[in-house]
Amino acid sequence: YALIQLRSQPTHRARIIAANNILNALFMIASSVLAGALLGAGFSIPQIFLFTGIANALVAFYIFMLVPEYLLRFVAWVLSHCVYRFKVQGEQHIPIEGAAILACNHVSFVDAVLLMAASPRPIIFLMDHR
């Protein structure tokens with residue numbers, strides 16, 4: 001919902017959220033019908049959970065292939081919070097929309113990954129190859 005609210009036009013936001021709610025309800029009905037059909041076909045509850053997990057992984061893989069930015073940001077976020085355990089201070093100074101320049105002092109080669117993980121919005125990097 002946060003991504004929908006962030007990326008949708010304010011004039012169409014309510015309609016988009018309503019459409020998302022309708023799609024969620026339709027997918028819940030379809031998944032319950034599918035679960036019932038699988039139970040009727042002799043599948044056990046753990047097998048249904050396995051089937052659901054595999055289907056979820058396939059859909060996630062498809063979405064990450066369509067929009068790889070989210071996969072990269074997720075991996076950067078996991079690495080930054082598990083390996084480096086850094087804390088963001090002053091994130092309210094990063095504007096939600098519009099142009100902004102983020103300049104880092106390049107203490108290490110990981111600065112770009114940490115910036116990508118710390119920013120609430122996508123970042124386009126410009127770097128000197130030397």
- request: Name the one entry in PHE64, PHE49 that is open to solvent by 90 Å² or more (accessible area, probe 1.4 Å), within 29 Å of PHE27 (Cα to Cα) and out of contact with any Ser or Thr (no Cβ under 7 Å at 6 or more places or on another chain).
  value: PHE49
message: Considering only region 6-29, I want to know if a residue exists there that is more than 30 Å from MET127 (Cβ to Cβ), of a type outside the set (Ser, Thr, Tyr), open to solvent by less than 50 Å² (accessible area, probe 1.4 Å) and touching a residue at least 12 places away in the same chain (Cβ under 8 Å).
response: yes
- request: Sort out which residues of region 115-126 are assigned to a helix (DSSP H, G or I) and open to solvent by 40 Å² or more (accessible area, probe 1.4 Å), and write them in order of number.
  value: LEU115, MET116
- prompt: Residues in region 75-83: is at least one open to solvent by 100 Å² or more (accessible area, probe 1.4 Å) and in contact (Cβ under 8 Å) with a residue 40 or more places away in the chain?
  reply: yes
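The values are calculated or read from the model by the stated rules, or taken from the named source; none is laboratory data. Since the structure is predicted, the reported quantities are computational estimates derived from the model, not experimental observations. Ideal geometry is used to build each Cβ from the backbone, glycine not excepted, and the neighbour counts take in all protein chains shown. SASA here: full protein model, heavy atoms, side chains in, ligands and nucleic acids out. Shrake-Rupley method; radii C 1.70, N 1.55, O 1.52, S 1.80 Å.
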